[in-house]
Structures are given as C-alpha cells and as structure tokens.
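Notes follow once the structure below has been shown.
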Amino acid sequence: MKFEIMIVDDDKAHLSMLRTVLKAWGYQTTEVEDGSEAISNVCEKPFDCILMDVRMANVSGIEALVEIKKINPAIPIIIMTAYSSVGTAVEAMKLGAYDYLTKPLDFDDLELTLKRSFEHLSLSRENKTLKLLLSSNDSLSSIIGSSPSMVELKEMIQTIAPSEATVLILGESGTGKELIAKAIHGYSSRNNKPMITVNCAAITDTLLESELFGHEKGSFTGADRRRDGRFMQAHKSTIFLDEIGEVPLGMQAKLLRAIQEREIQRVGGDDTLYADVRIIAATNSDLLERVKEKEFREDLYYRLNVVTLDVPSLNDRRDDIPILAKYFLVKHSEKNRKIIDNFTPLAMDYLIKYEWPGNVRELENAVERAVILCNGNHVSERELPPSITKIVTNIELQNSGLEGMAGFSLDEIEKKAIAQTLVKTTGNKSEAAKLLNITRTTLNNKIKKYSIQFPQSGT
Ligand SMILES: Nc1ncnc2c1ncn2[C@@H]1O[C@H](COP(=O)(O)OP(=O)(O)OP(=O)(O)O)[C@@H](O)[C@H]1O
Ligand SMILES: [Mg+2]
C-alpha cells in the first residue's frame with residue numbers, strides 16, 4: 001500500500017521541495033497552501049498523515065489542527081515549526097499533534113518520524129479491526145490465524161459444517177479444538193439451537209452414562225427423578241464430545257450404538273429413544289495408538305473418524321503468534337478496562353521465540369497476566385511470566401553467537417555489535433543508532449573511538 005501524505009505549507013518553494021522528497025521516498029502526496037483547504041480535504045479523504053506548517057497566513061496550523069482532530073482524529077499530524085517557536089510545537093502536541101519537526105528540516109528526522117507515524121497508524125487500524133472481531137459473533141472469524149495451515153483449516157470448516165458428517169478434531173491441548181467445534185456448529189443448519197458440550201474426562205466413569213443418556217427415577221442412589229441426558233438435550237442440535245479418548249472401554253459400546261443408530265437408553269430404563277444429533281468429538285490423545293493398545297474400540301474409532309480435522313500446534317504455525325498476542329491484548333485490555341496499545345519490541349520478541357507447549361491457551365494466559373500487571377500503555381518483558389523470558393534467554397544465547405563472546409572485553413563486544421549493526425543497516429547511521437538504542441552523536445563518537453569501518457550510505 002502506498003501511504004498518502006497531505007502537505008500543508010504556504011511557502012510555495014518549501015512545499016514543492018517536500019513534494020519532491022516525499023515522492024522520491026515512494027509516498028503519494030497532496031499539497032495545499034492554507035489551513036482551510038486542508039480542513040476541507042480531510043472531510044473528503046482519510047489521509048495517512050498530514051505534514052503541516054504552523055505559521056500560515058490565513059488559518060494557522062494550530063487552528064487547522066484543532067478542526068482536523070474533530071473531523072478525523074485518527075490521522076497523525078506532524079507539525080513543522082521554526083526553531084524559535086518550539087513553544088507552539090509543544091502546544092500543538094497537547095492538542096493532539098503526533099510529533100513536530102523543526103525547520104530547516106533534517107531529512108533523516110523527517111524520514112524516521114514519518115515511518116514511526118505509519119507504524120502508529122497501522123497499529124491503531126489493526127487494533128480497531130481486532131476490536132471489531134471481538135465484538136462480532138461470527139464463530140469462524142473469532143478463530144484467529146492466517147498461517148497457511150489455519151487458512152486451510154478454516155476453509156475445511158466452512159466446507160464440512162453444513163453437512164451432517166461426524167467430525168473428529170485432533171490436536172494438542174490448548175490449540176482451539178473447542179473453538180473449532182463451536183464454529184462447525186455455528187456454520188451448520190442446526191445453529192438455531194445451542195451446541196451441547198460434554199467433557200468426557202471431567203465426569204467419573206459411573207456418572208458418565210447417566211450424563212450422556214439420562215436416567216430413570218430410582219435407577220441409582222440420588223436419582224430422585226427421571227432425567228434426560230446430554231444426547232436428548234442435543235436433539236436437533238449438535239453434541240460436542242470433548243476428550244473422547246477418556247471414555248472408559250465399558251462405555252464405548254453404548255456410545256458406538258448412540259453414534260451409529262442415534263439410539264439411546266436411559267440408565268435403568270428399557271425404552272429405546274431416538275436423538276437426532278450431529279456429533280463432533282475431540283481429543284488430544286493419540287487415538288490410533290490407544291486402539292492398538294486395546295484401550296479404544298476400533299469400530300468406534302472408525303465411526304468417529306469420518307471427517308478428521310488436525311489442528312496444528314502453535315509451534316507449527318509460529319507466524320500466527322504476533323496476531324494472536326495482539327488479539328488477546330485487545331481482548332483483555334478491554335475486559336480489564338485498561339488502555340494498552342501494544343507490546344514493546346523486546347516483549348514481542350520473547351513471545352515470538354518461546355515454544356508454547358501449552359499452545360494458544362498458554363499464550364492467552366500469559367497475555368492476560370501481563371495486561372493485569374501492566375501500568376503503562378505497552379506490555380514490556382517485565383510483565384511476561386519468568387518461564388518465558390528465562391527459557392528464551394537460553395535459546396537466544398545459543399542461537400545468537402553471544403556465547404562465543406565470553407572472554408572478550410566489553411569494548412570489543414561493543415565494537416563488534418556496532419560494526420555488525422552498521423552492516424545490517426547498510427551504513428545508515430540513524431537506523432543503526434535506533435537499533436542500538438543510542439543517539440546518533442553517541443554512535444558517531446563510538447565509530448571514531450573504535451575506528452569502525454562500514455559501508456557508506458551517506459546518511
Ligand atoms: N485460533 C484461535 N483464535 C483465538 N482464540 C483461540 C484460538 N485457539 C485457541 N483460542 C483460545 O485459547 C483457549 C483454548 O482453546 P480451546 O479450549 O478451544 O482449546 P482445546 O484445544 O479445546 O484445549 P484442550 O485440549 O486443553 O481442551 C480458549 O480461550 C480459546 O478461546
Ligand atoms: Mg478443550
């Protein structure tokens with residue numbers, strides 16, 4: 001996407017100079033010579049940035065700023081001001097300007113400030129999209145992830161949802177199997193009734209049968225009245241049998257009959273009942289292995305295994321980590337009424353590098369905890385669980401080559417770090433200084449101190 005910048009300046013020469021520079025950097029531009037024109041332009045177009053002079057003949061930059069903020073508060077506005085009027089710049093910042101630059105403009109500064117403003121803009125647009133997703137009740141779009149395996153999975157869900165086919169969802173703990181079951185039900189013609197979920201692992205063996213199929217009055221101690229089971233409750237809807245691998249062998253035959261014939265009998269009853277249910281089952285255990293070990297009936301396995309969905313572990317779709325993390329950040333900031341825009345780059349780096357054995361659930365828990373602990377508007381590494389920052393530090397050390405640094409003096413390490421960063425930025429000192437988190441002046445001093453040779457880009 002090409003960003004569009006509106007330049008507002010009543011100095012014609014300055015205006016055309018800026019236009020030439022910005023175009024050369026690949027931006028699209030619109031130029032106007034006074035504040036009132038800028039205001040009317042904003043009504044018509046959502047510019048990605050406004051670069052505006054403060055001192056203009058008719059409507060001043062400050063007046064225009066105030067009006068534009070009312071019309072479209074999302075557009076970042078960068079104010080240009082003479083050195084002597086920095087006070088005005090501060091006032092502009094208070095009124096909501098994104099940043100200010102002093103004239104004559106330093107092109108390095110201009111480039112960096114623009115880049116930052118576009119990052120800021122993309123972030124707030126992304127947060128807005130995520131908020132919309134959170135408030136939508138579309139069960140499929142609440143499954144976050146755009147890695148190829150997730151895209152394929154979502155397509156598969158849409159394909160199979162309208163059919164009556166039994167679905168078996170396989171995947172490690174915390175990968176989103178329940179979310180997927182809900183989406184399948186949500187996209188089926190049975191969605192006018194709620195899906196009934198049974199966690200087969202959470203119910204003791206003796207109670208599972210009555211939970212699933214119901215019981216007659218007096219069929220066991222405590223059965224003081226007749227009760228329908230989950231299958232009957234799911235009549236004309238969907239039953240989700242979670243942790244199906246945990247169903248005891250003795251119950252599996254009855255379950256097979258229910259799945260095969262849709263026929264059930266209440267505990268202690270003789271009547272055969274019919275339940276019109278769609279069946280979705282899930283497990284994180286290796287069912288085939290359990291079949292081999294004679295712990296799971298082979299016929300039940302094949303009955304369940306009509307359509308199988310393999311949910312990838314988070315480690316197998318690492319590209320989805322940033323978007324999932326941001327989604328949970330938006331979700332839990334809203335829940336906790338906090339305004340947190342983003343993660344610091346370092347915190348995000350930790351999240352990206354961690355292996356996530358507990359998958360999406362572990363990521364969500366880590367982000368929720370961080371939101372609760374966070375006081376600023378960025379989540380930093382300090383708010384992440386120590387388990388994440390500790391493990392990553394070890395991995396990082398092994399991968400970074402920093403292990404080989406042991407025994408070198410700090411000066412030597414610093415020299416190496418600066419030289420390598422300059423190579424990475426192909427000699428761009430502003431960028432290198434930013435990466436190293438030092439000022440350009442400090443960088444220049446160190447380059448001199450260590451006589452560092454590097455590619456010359458001229459900046
Ligand atoms: N792709 C995803 N997008 C958004 N949220 C997700 C996604 N995957 C999982 N989650 C969230 O992570 C948590 C765990 O998901 P879920 O309960 O569906 O996992 P599961 O595979 O059923 O795990 P288990 O096997 O432990 O029961 C839930 O809060 C769920 O909303
Ligand atoms: Mg589950």
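Details
- Radius 10 Å from Cβ of Glu209, net charge of other residues (Lys, Arg +1; Asp, Glu -1): 0
- Centroid-to-centroid, using Cα positions, segment 64-103 and segment 292-317 are 60 Å apart.
- For the pair segment 106-150 and segment 368-390, the centres of their Cα atoms are 21 angstrom apart.
- Remark: Lys154, Lys424, Lys182 ranked as Lys424, Lys154, Lys182, counting other beta-carbon atoms within 10 Å and listing the fewest first.
- Long pairs among Lys115/Lys154; Lys335/Lys434; Lys2/Lys128; Lys326/Lys434; Lys103/Lys446; Lys128/Lys434, criterion Cα-Cα beyond 26 Å: Lys115/Lys154; Lys335/Lys434; Lys103/Lys446; Lys128/Lys434
- Vicinal HN-Hα couplings computed from phi for segment 442-448 (Karplus, 6.51 cos²θ - 1.76 cosθ + 1.60; Hz; Gly/Pro x): 4, 4, 4, 4, 6, 4, 5
- Looking at segment 200-250, the trypsin sites (Lys or Arg not before Pro) that sit in a DSSP loop and have at most 13 other Cβ atoms within 10 Å of their own Cβ are Lys217, Arg225, Lys236.
- Partner lysines for Lys254 [C-alpha distance under 26 Å; skip if fewer than 8 residues away on the same chain]: Lys177, Lys182, Lys193, Lys217, Lys236, Lys292, Lys294
- Fraction of beta bridges assigned by DSSP in the chain that are antiparallel (%, nearest 5): 10
- Note on Glu155 and Asn72: their simple-model spin labels are 3.5 nm apart, each label 7 Å out from Cα toward Cβ.
- Peptides 307-316, 432-441, ordered by how many other C-beta atoms sit within 10 Å of their residues on average, highest first, read 307-316, 432-441.
- Taking other residues whose beta carbon is less than 9 angstrom from the beta carbon of Gly171, and scoring Lys, Arg as +1 and Asp, Glu as -1, yields -1.
- Amide H contacts under 5 Å for Glu31: Ile7, restricted to partners 5 or more places along the chain or on a different chain, H placed in the peptide plane at 1.01 Å from N.
- The ratio of the alpha-carbon radius of gyration of the chain to the globular-protein estimate 2.2 N^0.38 Å is 1.35.
- Cubic angstrom per residue, convex hull over Cα atoms of segment 246-405: 190
- Modelled FRET efficiency - R0 56 Å, Thr204 with Val423, Cβ distances, 0.05 increments: 0.30
- In degrees, nearest ten, helix 61-71 long axis to first principal axis of the chain (Cα): 20
- Additional length obtainable on full extension of the chain from Asp319 to Arg262, 0.36 nm per residue less Cα span: 16.4 nm
- For Arg303, Arg266, order by how many other beta-carbon atoms lie within 10 Å, fewest first: Arg303, Arg266
- Relative contact order (%) - criterion: Cα under 8 Å, at least six apart; region: the chain: 11
- Surrounding net charge for Gly26, when Lys and Arg each add one and Asp and Glu each subtract one, Cβ distance under 14 Å: +1
- In sequence order, calculated HN-Hα J values of segment 121-136 (Karplus, 6.51, -1.76, 1.60; Hz; x Gly/Pro): 5, 4, 4, 5, 5, 5, 4, 5, 4, 5, 5, 4, 4, 5, 8, 6
- Inter-part distance, segment 250-269 to segment 416-459, computed on C-alpha centroids, equals 72 Å.
- ³J(HN,Hα) computed for each position of segment 378-389 - Karplus, 6.51 cos²θ - 1.76 cosθ + 1.60, integer Hz, glycine/proline x: 10, 7, 9, 4, 5, 8, 7, x, x, 4, 6, 5
Every read-out reported here was derived from the displayed coordinates using simple, explicitly stated rules and does not represent laboratory data. Every value quoted in this text rests on a predicted model; they were computed, and no experiment measured them. Please note: Cβ atoms are built from the backbone with ideal geometry, for glycine as well, and neighbour counts cover all protein chains shown.
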